[in-house]
1. All other residues with a Cβ under 13 Å from the Cβ of L145 taken together, and with Lys, Arg as +1 and Asp, Glu as -1, what is their net charge?
2. Once every DSSP H run of n ≥ 4 in the chain is given -39500 (n - 2.57) and the sum is divided by its residues, what mean residue ellipticity at 222 nm do you get, rounded to the nearest 500 deg cm²/dmol?
3. To make sure I understand the rule: partners must be lysines, Cα under 19 Å from the Cα of K172, and not fewer than 8 residues away in the same chain. Which ones qualify?
4. Hey, which lysines would be in cross-link range of K44, C-alpha to C-alpha under 24 Å, not counting anything within fewer than 8 residues on its own chain?
5. For the range 74-117, what percent of Cα pairs sit more than 18 Å apart?
6. Explain nothing, just the number: relative contact order of the chain, from Cα pairs under 8 Å at least 6 residues apart, as a whole percent.
7. Quick check: the angle from helix 137-158's long axis to the longest principal axis of the chain, C-alpha only, nearest 10 degrees?
8. Sorted by average packing, counted as other Cβ atoms within 10 angstrom per residue and highest first, what order do 25-38, 133-146 take?
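What follows draws every value from the coordinates through simple rules; no lab data is involved. These figures come from a predicted structure and were not determined experimentally. All Cβ positions, even for glycine, are placed from backbone atoms using ideal geometry, and neighbour counts span all protein chains on display.
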Amino acid sequence: MLSLLSDVDFWQATWTVIKLSLLTWGCSIVLGFVLALAKQSPRKLFNLPARLYIWLFRSLPLLVLLIFVYNLPQLIPASGKVLSNPFYAGLFALVLTEAAYMAEIHRGGLLSVAKGQREAARALGIGRLGTQRLIVVPQAFRIALPTLTNEYVTIVKLTSLVSVIAITELLKSGREVITTSFSPFEILFCVAGLYLLINLPLSKMASRLERRLAQSD
């Protein structure tokens, strides 16, 4: 275990997991919210593409999508400027997948806001955009927050798949140390512990935010 903790490459792999998971989470929340609004739109121009996107990327296995995105420059050479970098290819594939799940989380939150809230806003003369910004979105975010936090935990675990496109993340780095140290259980326990530690700060922050939001009711 000491050989792993003193390995610079291992800590670089840990930082890669943190960066990849946070960027994926943040981008997916934003894109997922746009998709949720589009799916709720009465206009087919927005509704149908959003439904298709969510169905497609919730159905595709992430492992298949990672390999496809990493090899996409062979089909579209212009994409090679970005996607030839394994980190960006992994980020792109993760965001494509997670945005579809985030969209359904956001949509559930939006649907949970009582219809009477919108009617009251209209009675007060608040426009549609103002109603969404001031009344619907804050309540929907509060409702969706626990599930959004759980999805971050899922993203951290999914980063273990990006090693298939040559990204050195925690699990791959641990396996490399195992080949020289011949201590598989100690190394794997250490890797598992670090995954838990990566998830801990955001879980604590989310719990505090939930308590503060509850107190503000």
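1. Details: positive: R142, R208, R211, R212; negative: E151, E210.
Counting the neighbours of L145, the net charge comes to +2.
2. Numbers: 12 runs with 176 residues, N = 217.
Dividing the helical sum by the residues of the chain leaves -26500 deg cm²/dmol.
3. Filter leaves K19, K157.
4. K115
5. Working: 482 of 946 pairs.
Result for the distance tail: 51 percent.
6. Details: 218 pairs, mean separation 62.3, N = 217.
Computed over the chain, the figure is 29 percent.
7. Tilt relative to the chain: about 20 degrees.
8. Working: 25-38: 19.8, 133-146: 16.9.
Taking the mean over residues of other Cβ atoms within 10 Å, the ranking is 25-38, 133-146.
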